[in-house]
Amino acid sequence: MHLVPGVLVRHDPPRGVAPVPVVFDSPHSGRVYPDDFGAVLPVSALRGAEDAFVEELFSAAPEHGAVLLAALFPRSYIDGNRAPDDIDPRLIEGEWPAPLKPGPKSDLGIGLIRRAVVPGLFVYDRRLTVAEVERRIARYWRRYHAALKGALDRAHRAHGAVWHIDCHSMKSVANGMTPDAAGTRRRDIVLGDRDGTSCEPGFTRLVKETLERFGFDVAVNDPYKGAEIVRRYGDPATGRHSLQVEIRRDLFMNEAVHVRNEGFARVQAAMGDLAAAVCDYARARSRALG
Ligand SMILES: [Zn+2]
């Protein structure tokens with residue numbers, strides 16, 4: 001285990017398990033709230049932004065030969081699944097020293113720095129200084145991405161290809177800060193491969209069919225197509241395959257009080273079995289390529 005306190009934890013395959021070129025990462029499940037957050041909301045409210053327990057759902061992945069990386073910092077503090085320039089300038093005190101590129105996520109209030117947890121529930125009653133946002137980027141965002149890129153590069157170097165699953169959860173019902181219409185009830189699981197550009201189609205198909213066999217109702221690229229992490233690291237032409245997975249929260253937790261529910265064990269077992277299937281796939285594919 002590799003631990004950077006408050007920032008990230010990486011679990012490698014245990015001794016005796018042969019490494020497979022597969023990486024799982026959970027960028028939004030962190031719940032170590034930094035002292036310098038300066039939010040106006042209590043942690044109990046900020047927790048609504050977490051992808052709580054997602055790293056636990058995939059905790060069996062290393063036993064099958066994969067690396068599992070998880071952020072420890074909360075997504076409401078700085079979001080690892082956004083570009084570092086996807087910042088709403090209205091959240092910043094003064095002038096950002098470089099051009100900013102606020103995208104559709106910033107428009108929804110969920111850019112690199114989050115405006116609200118849910119519509120109307122604002123994180124701050126102030127603007128953030130350039131220095132504090134730069135510090136968050138350097139201490140958290142860059143270190144998380146360095147760890148993720150390092151794990152992907154090591155696997156790719158050793159096996160000639162890498163298969164990566166970027167793990168998330170989604171609210172069970174859409175609201176005014178989501179890409180789909182408020183009130184929409186979500187499918188069980190949404191896979192995002194950026195309309196077929198972040199991984200080979202066979203990988204999306206394998207994950208979809210495996211999850212369907214376990215009894216889940218699976219959508220692809222609707223309403224979530226995959227965000228910054230799979231955009232940044234997926235490059236199927238060079239053997240880098242990244243797929244985003246969103247699991248509906250009420251399948252495994254009580255969203256109102258942030259505790260696991262009676263479905264947790266079933267979903268966790270299914271994600272362990274999914275990890276085994278992905279590792280089998282990667283083992284066979286990398287052998288065929290080598
Ligand atoms: Zn997420």
Calculated on alpha-carbon atoms, Rg and Dmax of the chain in Å: 18.3, 56
Radius ratio Rg over Rh of segment 1-133, counting only Cα atoms, Kirkwood formula for Rh: 1.04
Range of Cα positions in segment 62-118 per principal axis (Å), largest first: 48, 27, 19
Mean separation of Cα contacts under 8 Å, 6 or more apart, over the residue count of the chain: relative contact order %: 21
For segment 11-20, 3J(HN,Hα) per residue [Karplus equation, 6.51 cos²θ - 1.76 cosθ + 1.60, θ = phi - 60°, Hz, x = Gly/Pro]: 10, 9, x, x, 3, x, 9, 5, x, 10
Amide H partners (placed H, <5 Å) of residue 188, local residues excluded: 217
Of the DSSP H helices in the chain, those whose Cα atoms cover at least 20 Å axially and whose Kyte score averages -1.0 or more: 264-289
DSSP bridge orientation in the chain - percent antiparallel, rounded to nearest 5: 45
Reach of residue 101 by Cα under 12 Å, taken over aspartates and glutamates that are not fewer than 8 positions away in the same chain: 85, 86, 88
Lys, Arg +1 and Asp, Glu -1 on Cβ, resulting dipole of the chain about Cα centre, debye, nearest 20: 400
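At 222 nm, what value in deg cm²/dmol follows for the chain if DSSP H runs of at least 4 each add -39500 (n - 2.57) and the sum is divided by all its residues, to the nearest 500?
Calculated mean residue ellipticity at 222 nm is -8500 deg cm²/dmol.
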Quotient of C-alpha Rg and 2.2 N^0.38 Å, computed over segment 134-207: 1.45
Å³ per residue enclosed by the Cα convex hull of segment 178-251: 80
Most mobile listed residue (186, 260, 127) in the chain, GNM with C-alpha springs under 10 Å: 127
Dipole-positive endmost among 158, 177, 148 within segment 139-187 (Cβ charges, Cα centre): 148
Per-selection Rg to Rh, segment 99-225 - Cα, Kirkwood hydrodynamic radius: 1.02
Phi-based couplings in Hz for segment 104-121 (Karplus 6.51, -1.76, 1.60; Gly and Pro marked x): x, 5, 4, 4, 7, x, 10, x, 3, 10, 7, 7, 9, 7, 9, x, x, 9
Whichever lysines have a C-alpha closer than 24 Å to that of residue 105, once near sequence neighbours (fewer than 8 apart) are set aside: 149, 171, 225
17 Å cut-off, amide nitrogen to a point 7 angstrom out along residue 2 Cα→Cβ, residues in segment 134-162: 139-159, 162
Segment 167-290, relative contact order in percent, only Cα pairs under 8 angstrom and at least six apart counted: 28
Ordering of 250-257, 82-89, 47-54 by burial proxy (mean other Cβ atoms within 10 Å per residue, highest first): 47-54, 82-89, 250-257
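Quick note: the coordinates plus some simple rules give every number you see, no bench work behind them. Just so it is clear, the structure is predicted and the values come from calculations on it, not from any experiment. Every residue, glycine as well, gets a Cβ built from its backbone with ideal geometry; the counts of neighbours run over all protein chains shown.
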